[in-house]
Amino acid sequence: MKVIVINGAPRMETGNTQAILNPFLVGMRQEGTEVDVAMLGRMQIARCLGCFTCYAVTPGECVHDDDMPALIERVRKADMMILATPVYIDGMTSLAKTFVDRLVPFVDPHFVKDEIGLIHPLRWNFPGKMFLVSVCGYPGIYNFGPLLLHMERIARNFHSEFCGAVLRPAVFSILMGKKYPARVKEVMDALRTAGEELAKAGRVSRATLEAVSADICSSEDLMAMANAYWDKELQRAEDEPA
């Protein structure tokens with residue numbers, strides 16, 4: 001199976017999204033999956049202008065001369081597309097959304113009807129499966145609700161199956177390895193297992209998903225750690241000369 005991973009995290013390899021992705025992709029590769037990782041933060045991808053040039057004037061070809069056409073070719077070769085993004089204000093990052101908007105050349109402008117309503121047919125083959133890997137600073141799975149709904153709708157628009165999501169709330173708690181070594185290890189091991197299961201079965205089991213998102217510490221513990229960190233950063237900024 002060929003998988004393209006779209007990393008929409010602005011901090012790329014140094015971010016919490018990549019910290020969660022690393023063991024997950026190890027699990028996928030261990031099962032023989034061919035993984036192609038695209039770092040959106042290194043690419044020049046202009047925002048969609050809504051001009052519809054790619055619909056009729058130059059069908060399938062955008063007016064922008066940037067990195068997106070080459071990335072589209074990589075997407076076309078994949079069996080599955082994994083979107084990796086932290087939650088920003090209840091949704092995906094602007095990098096990720098700009099990428100999704102620029103996938104419009106995949107669809108033909110005509111309407112067809114499916115079991116839900118009207119939809120555009122595909123111009124080219126799109127990966128048959130979509131998956132989400134996401135992290136959030138807040139504790140609680142409910143914080144991913146808007147993003148999950150958005151992903152379901154995106155998958156429908158591109159005639160793809162949304163086959164689930166690996167979600168890590170309270171992501172900063174994975175930095176508490178010294179205080180909770182066993183709990184952090186359990187989460188990281190579950191991430192690797194999730195990658196293995198997705199590669200083998202096209203799905204991740206409920207038990208593994210729950211292990212990935214399990215609490216490492218209490219909300220009070222997380223709040224104390226986070227507030228202490230930001231107090232230190234604010235003091236540092238105050239102490240530095242202007």
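The values are calculated or read from the model by the stated rules, or taken from the named source; none is laboratory data. Given the structure is predicted, the values throughout are model-derived calculations rather than measurements. Reconstructed Cβ throughout: ideal geometry from the backbone, glycine too, with neighbour counts over all protein chains shown.
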TODO: Only residues that are aliphatic (A, V, I, L, M), in a helix (DSSP H, G or I) and over 30 Å from PRO69 (Cβ atoms): list them for segment 112-151, please.
DONE: ILE141
Open item on the list: Please go through segment 1-17 and give me each residue that is buried (at least 19 other Cβ atoms within 10 Å of the Cβ) and part of a helix (DSSP H, G or I), ordered by number.
Closed with: THR17
Open item on the list: Of the residues ALA78, ALA84, only one is within 25 Å of ASN22 (Cα to Cα), modelled with pLDDT of 95 or more and either among the β-branched types (Val, Ile, Thr) or in contact with a Leu (Cβ under 6 Å, 6 or more places away or on another chain) (or both); which?
Closed with: ALA84
Task: Scan of segment 72-86 for residues that are over 17 Å from GLU34 (Cβ atoms) and surrounded by fewer than 21 Cβ atoms within 10 Å (Cβ to Cβ), ordered by number - done: ILE72
TODO: Collect the residues in segment 155-190 that are aliphatic (A, V, I, L, M) and touching a strand residue (DSSP E or B) at 6+ places or on another chain (Cβ under 7 Å), keeping them in residue-number order.
DONE: ALA155, ALA165, VAL166, LEU167, VAL171
Task: Single condition MET68 does not satisfy, out of (1) surrounded by 18 or more Cβ atoms within 10 Å (Cβ to Cβ); (2) more than 23 Å from the chain's Cα centre (by Cα) - done: (2)
Open item on the list: Let me spell it out: the conditions are (1) in contact with a Ser or Thr (Cβ under 8 Å, 6 or more places away or on another chain); (2) outside any loop (DSSP other than H, G, I, E, B); (3) of a type in the set (A, V, I, L, M, F, W, C), and CYS48 meets all of them except one. Which number is the exception?
Closed with: (2)
Task: Hits in segment 172-195 (condition: in a helix (DSSP H, G or I) and farther than 13 Å from ASN22 by Cβ) - done: PHE172, SER173, LEU175, PRO181, ALA182, ARG183, VAL184, LYS185, GLU186, ALA190, THR193
Task: Failed item in (1) touching a Leu at 6+ places or on another chain (Cβ under 8 Å); (2) at negative phi; (3) crowded, with 21+ Cβ neighbours inside 10 Å, with VAL171 passing the rest - done: (1)
- [ ] From LEU222, LEU198, grab the single residue that is of a type in the set (A, V, I, L, M), more than 20 Å from the chain's Cα centre (by Cα) and under 29 Å from ILE82 (Cα atoms).
- [x] LEU222
TODO: Would you be able to tell me the number of residues in segment 174-220 that are surrounded by fewer than 18 Cβ atoms within 10 Å (Cβ to Cβ), in contact (Cβ under 8 Å) with a residue 12 or more places away in the chain, small (Gly, Ala, Ser) and over 18 Å from TYR142 (Cα atoms)?
DONE: 1
Task: Pairs with Cβ under 6 Å, 6+ apart, first in segment 103-118 and over 26 Å from ALA46 (Cβ atoms) and of a type in the set (Val, Ile, Thr), second at pLDDT 95 or above and in a loop (DSSP other than H, G, I, E, B) - done: VAL112/PRO121
